[in-house]
Amino acid sequence: MSNEPVWDRPEPPGKPSPTPLSRNLIVSAAIGLADEGGLDEVSFRKVAAALNAGPMRLYGYVETKDELLDLMVDEVYGEIALPEPGARWRDSLTRIAHGLREAARRHPWFIDLLGGRPHRGPNSLAHIEASLATLDRRPEFPTIDHVLGAVSTVMAFVHGAVRSEISELRDEQATGLTEEQWQAASGPYMQKMLATGRFPRLARVMFDAEHTNAAAFFDTGLTYVLNGIEATTRNPG
């Protein structure tokens, strides 16, 4: 097995074949399988079958499943539009946050691969660099530690919020019930529990809160996070 990162490793020389292969074709096929059925559908055998090729041919391009997953993640990062240099830092971080959410909604498996192992692909690194550049050299963020702290806070919110949103979408698909149908089904039990008076705040959520959609919840939460960062920059003590 090569110690060279997959992005730096040359592809094997082309050979006459009725089924041409490349890393791009392999990654595209793997992403298609994951989009359709989740990460459990991604295997060398299934990717090879989707490309009408023998599984052993794939190993000349990608040596392990971990490498394939890294390539898939990097491909999705490449879909995310980065902010223009010089834009307001709040606008830039908002664009980055929405770009991640939209990518995860297109590719629900993507959120499962964020966090944990580092992503070192060229698109991943470009995304990290652009995120840090939104705050770097601005007076509100005097050191790289201030920059890293703010960006990490936004990313932590985005990953958590999107993970929760995707989890709810999966639950709907698994049960066949929309959120409204699930609430209706569980309504009698919740009514009984709330009638005890032990859960007054939950009662307010059930009866008084405006149940907006996931996009609105995401926007509200992101605004809270950005407001907190902005307030911290004004009052660093």
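Just so you know, all these numbers are worked out from the coordinates, no wet-lab data involved. Just so we're clear, the structure is a prediction, and the values are computed from it rather than from any experiment. Reconstructed Cβ throughout: ideal geometry from the backbone, glycine too, with neighbour counts over all protein chains shown.
Where does helix 179-194 land angle-wise versus the long Cα axis of the chain, in degrees 0 to 90, nearest 10?
40 degrees
Take the alpha carbon gyration tensor of segment 23-76, find the square roots of its eigenvalues, order them as a ≥ b ≥ c, and report rounded if a/c is under 1.5; if not, report prolate when a/b exceeds b/c, else oblate.
Oblate is the answer for segment 23-76, as a/c is 1.5 or above yet b/c matches or exceeds a/b.
Considering the options ALA103, HIS127, GLN173, tell which one lies farthest towards the positive end of the dipole of segment 82-234, charges being +1 on Lys and Arg and -1 on Asp and Glu at the Cβ, about the Cα centre.
So the residue furthest toward the plus end is HIS127.
Please determine, in degrees from 0 to 90 and to the nearest 10, the orientation of helix 23-37 with respect to the longest principal axis defined by the Cα atoms of the chain, where the helix direction is its Cα long axis.
Relative to the chain, helix 23-37 is tipped by roughly 40 degrees.
Over all Cα pairs of segment 82-234, how is the pair count split among 10 Å bins, expressed in % and running from 0 up to the last occupied bin?
9, 31, 29, 18, 10, 2
Can you give the angle from 0 to 90° between the axis of helix 89-106 and the longest principal axis of the chain, with both taken from C-alpha atoms, to the nearest 10?
70 degrees
Which of LEU71, LEU114, LEU93 moves the most in a Gaussian network model of the chain with Cα springs under 10 Å?
Ranking LEU71, LEU114, LEU93 by mean-square fluctuation puts LEU114 first.
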